[in-house]
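The values are calculated or read from the model by the stated rules, or taken from the named source; none is laboratory data. These numbers were taken from a predicted model, which means no experiment stands behind them. All Cβ positions, even for glycine, are placed from backbone atoms using ideal geometry, and neighbour counts span all protein chains on display.
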Amino acid sequence: MRTSLRAWMFGVMVAVLALVSGTAAQPPAKNISEAPGILPSSFGEAVDRDIMTIRGATAKFKTTEAAEAAGYKRVTGCVQHQPAGAMGYHFQNNDLLDTTLDLEHPEVLVYEKMPDGTFQLNGVEFLVPISAWKSTEPPRIMGQALIRADSIGFWFLHVWTWKPSPSGLFAPWNPDVKCLETSSMSH
């Protein structure tokens with residue numbers, strides 16, 4: 001009887017350990033309700049994971065003061081192209097300008113100035129200087145090819161990770177972003 005009790009207890013312990021370790025090994029479920037209109041994207045699970053990675057890495061930059069403390073400097077006024085929409089204000093970290101694209105270190109943070117004067121983080125922009133890129137193929141991130149903009153000397157890709165864009169996750173312009181100043185930059 002004693003042997004069968006031990007065997008039964010051993011079996012129960014193995015089952016409990018398997019259940020507990022299996023639960024612990026599962027990745028945490030992403031909470032897509034935290035990003036309504038952005039997640040789930042129509043680009044699949046890999047891009048959705050990338051969006052969550054970017055959001056996790058840039059959440060600390062909700063204020064421009066935090067971005068500036070981390071080396072991001074404002075390099076534009078509010079950039080718009082009506083009727084397509086606007087990009088907003090670009091805060092760029094020049095230390096990140098190279099041929100490496102990193103989800104956790106976007107070269108640019110894109111903000112919108114709100115009516116109360118505060119800035120709202122709307123997304124990121126990945127940049128590669130045209131002069132540094134030696135491949136005949138465009139640089140890529142998140143399965144997307146960057147867009148060549150000779151006029152500014154960069155390959156670029158916007159990702160609207162904090163404010164949904166009716167034009168799409170990777171659209172250059174977001175019709176829901178507004179430039180409040182009359183002196184905003186047109187593109």
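Points to keep in mind about this one:
- Qualifying residue in the range 27-43 (condition: under 28 Å from Gly143 (Cβ atoms), modelled with pLDDT of 95 or more and small (Gly, Ala, Ser)): no
- Residue match in the range 156-176 (condition: more than 21 Å from Pro36 (Cβ to Cβ), touching a Leu at 6+ places or on another chain (Cβ under 6 Å) and in contact (Cβ under 8 Å) with a residue 24 or more places away in the chain): yes
- Exclusive hit being buried (at least 18 other Cβ atoms within 10 Å of the Cβ) and closer than 19 Å to Leu39 by Cβ, set Leu121, Leu101, Leu127, Leu146: Leu121
- Residues within the range 134-184 that are farther than 24 Å from Leu97 by Cα and among the acidic types (Asp, Glu), tallied: 2
- Boolean, Val47 is modelled with pLDDT of 95 or more, over 14 Å from Val159 (Cα atoms) and of a type in the set (Val, Ile, Thr): no
- Residues of the range 156-175 classified as more than 23 Å from Phe61 (Cα to Cα) and either in contact with a Lys or Arg (Cβ under 8 Å, 6 or more places away or on another chain) or surrounded by 14 or more Cβ atoms within 10 Å (Cβ to Cβ) (or both), total: 1
- Total residues in the range 130-143 satisfying the condition of being surrounded by fewer than 20 Cβ atoms within 10 Å (Cβ to Cβ), in contact with an Asp or Glu (Cβ under 9 Å, 6 or more places away or on another chain) and under 24 Å from Ser41 (Cβ atoms): the figure is 2.
- Of all residues in the range 39-53, those being among the β-branched types (Val, Ile, Thr) and surrounded by fewer than 20 Cβ atoms within 10 Å (Cβ to Cβ) number 2.
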